[in-house]
Amino acid sequence: MLIRKTIFVSINIYHSTAMKNTLRILFLIATVFSATTVKAQLLGNNERYSQYVNHVSVGIDGLYNMNPGSKTYNPGFGASVKYQYDVTQNLGLTVGTGYYVITADNSRAFGTSPNLTSDLKLIPLRLGAKAYFLPEFYLGGEVGVAYADPFIDKETKSHFSKFIAPSVGYETNKLDFSFRYENINHQNDYVSFIALRIAYNFNF
């Protein structure tokens with residue numbers, strides 16, 4: 001009788017241990033499968049990652065003047081085009097240009113009269129990069145040279161100024177939304193603004 005009880009207890013312990021090990025293995029498999037599925041959904045279903053490395057985006061920009069103050073310039077607007085080449089899934093290199101107008105406080109958009117302050121018109125040449133920390137979210141940075149009319153530096157009266165523009169953005173297969181701060185300077189004079197860009201992507 002004692003032997004039977006001992007055998008019965010041993011069998012129960014064996015089955016209990018085996019069940020726990022089986023559950024652990026099943027849990028591990030489920031975890032790995034779930035992680036793989038999530039990764040596939042995030043990366044594999046994104047056309048930009050799976051099929052294309054070249055992108056051209058055409059967008060419109062809304063600008064809000066930061067410096068000089070509102071007594072000099074009002075908010076502005078513009079249009080831009082940008083080419084992007086994906087070096088890896090998480091890094092893209094960009095080159096772009098555009099045309100922007102920051103309206104003067106006592107002026108009109110698209111032109112001025114002799115008695116009014118000229119609107120600030122900018123044509124930049126941009127080189128930059130975009131680092132994707134999630135499949136559709138990125139941090140960006142651009143540097144370059146901008147042609148400014150009228151000139152920013154009143155001493156040298158040079159129309160060419162350098163600029164820097166950090167940004168953050170959200171990008172889908174077809175649309176690109178970005179928010180940036182841009183500082184255009186020459187010697188000790190500068191203009192700065194924040195901008196929202198909405199663009200359509202052409203992928204190939």
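Rule-based calculations on the coordinates, nothing more; no lab input. Every value quoted in this text rests on a predicted model; they were computed, and no experiment measured them. Neighbour counts run over all protein chains shown; Cβ positions are idealised from the backbone, glycine included.
For this structure, a couple of remarks:
- Each residue, THR97 and MET66, gets one label point 7 Å from its Cα in the Cβ direction; the gap between the two is 2.6 nm.
- The slack in the chain from SER192 to LYS174, taken as 0.36 nm per residue of separation less the alpha-carbon distance, amounts to 3.6 nm.
- Remark: for residue pairs LYS82/LYS130; LYS121/LYS162; LYS121/LYS157; LYS82/LYS157, the C-alpha separation exceeds 22 Å in LYS82/LYS157.
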